[in-house]
Amino acid sequence: MSTTKEYKDFIIEQLHMLKPINCKSMMGEYLLYYDDILFGGIYDNQLLIKRVDSNKKYNLPEVIPYKGAKPMYFVDESYFQDQVREIIIDTCKDLPRKKNKKA
């Protein structure tokens, strides 16, 4: 099952306090970037973020987004109002910034 456009739009709206959030479509799912850092994605109508040392403290459940993928953390909608901003910012602390392609 792929992610619906409605769910993607819902997630982007919930992350409005994190500017700039960029969303890129990939094979029916969506990759999410915060300030040019790939921190996670939307897979099968679930917000998933990469597992890194700085976000272990949130004790989020692990999910495998697709066959052969590394486990990621599932961010339940109950976190959206209180902690989602902090979870994403903490996640990005341990991830590299996207490299700009030279023309």
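Seen from GLN46, the other residues with C-beta closer than 13 Å to its C-beta sum to a net charge of -4, counting Lys and Arg as +1 and Asp and Glu as -1. In summary, the lysines within cross-link reach of LYS24, defined as a Cα separation below 27 angstrom excluding same-chain residues under 8 places away, comprise LYS5, LYS8, LYS50, LYS56, LYS67, LYS70, LYS93, LYS98, LYS99, LYS101, LYS102.
The mean accessible area for residues of the chain, using a 1.4 Å probe and ignoring ligands and nucleic acids, is 64 Å² per residue.
What FRET efficiency do you get for LYS93 and ASP9 if R0 is 35 Å and r is their Cβ-Cβ distance, rounded to the nearest 0.05? In this case the efficiency is close to 0.80.
The values are calculated or read from the model by the stated rules, or taken from the named source; none is laboratory data. Keep in mind it's a predicted model, so treat the numbers as computed, not measured. So basically every Cβ, Gly included, is an ideal-geometry build from the backbone, and we count neighbours across all protein chains shown. Ligands, DNA and RNA are excluded from the accessible area calculation, which covers all protein heavy atoms including side chains. Shrake-Rupley method; radii C 1.70, N 1.55, O 1.52, S 1.80 Å.
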